[in-house]
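Notes follow the structure.
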Amino acid sequence: MLATLVGFGMGGAAHADGRGSCAGTGLAVVVNGTNDTPPPDIEPALDRYVRRGYRPYTLPYPATVWPLGRYSYDDNVRVAVPRLARVLDWYTTTCPGKAIALIGFSQGSRIVGDVVSAMGNGRPLPTARGMRTIEVPADRITVELYADPRREPVPGRPGAGVETLFPNTEVYPGLTMTGSRPGGFGHLAHRVVEVCIVGDPICDSVRPPDVALVPTLIVGVFRFSTRHTHYGPEPGRPAAVDPWTRAIDGTWMAPPPPLS
């Protein structure tokens, strides 16, 4: 049963009701963004899978960024990556052949993307059974990453995830930019879609020259409030639209919202 996940040290499962762990089409896991509980920004994306018979599960983790919360960005990654790996290891072992959908937003995309990168490149992950490689048939997994801070650039566009611009840089204690994911998503790359609103400073940034750093940061703060917070849940926003029908080479650069 999905409630068994509590035994892995996961805490409460927001959506799991504990009945029939392998029932339905598969498992849809949401990893939300900062201070985004419940996850209104990507709830429509989860609903698409629920309508197809997937059982929903929201991964519990602090989802804060110090100093706006008790836990730092780096703390969240250290907590959530093993928790997600344990969920996937448990589910693929308990329900072999079942489909899996992973949906992340903002720092949740960082976490989902890191786990999928490890799976796609055959790197071991920390699970309840120790360090293990988690294998999922490529045709049984779909991954949607919204506002991924480690998004790689796409041809014809200079922007990329903010973490890729400042690799191995500690912005302040507990907030480390880690660069690109080694090997990308490996053999699972064609099962991942990146959704990024044009100009969102989290997933569509360009490293400024040092002399322009301050004005660039000011523009970034403005764009954060007008773009990063506009993925959902209202109709017409990216999370409410099937990104697989819009993506080009695995990425949908969604148009920015109109200024009101």
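Bear in mind that the values in this text are calculations on the coordinates, not laboratory data. These numbers were taken from a predicted model, which means no experiment stands behind them. Methodologically, a virtual Cβ is constructed for each residue, glycine included, from the backbone with ideal geometry; neighbour enumeration extends over all protein chains shown.
Each residue of the range 169-178 was assigned a 3J(HN,Hα) from its phi angle through the Karplus expression (A = 6.51, B = -1.76, C = 1.60, θ = phi - 60°), giving 10, 8, 4, 7, x, x, 10, 10, 8, 9 Hz with x at Gly and Pro.
Peptide packing: for 52-63, 129-140, 194-205, the average count of neighbouring Cβ atoms within 10 Å per residue gives the ranking 194-205, 52-63, 129-140, highest mean first. The peptide list 21-34, 241-254, put in order of mean Cβ contacts within 10 Å with the highest first, becomes 21-34, 241-254.
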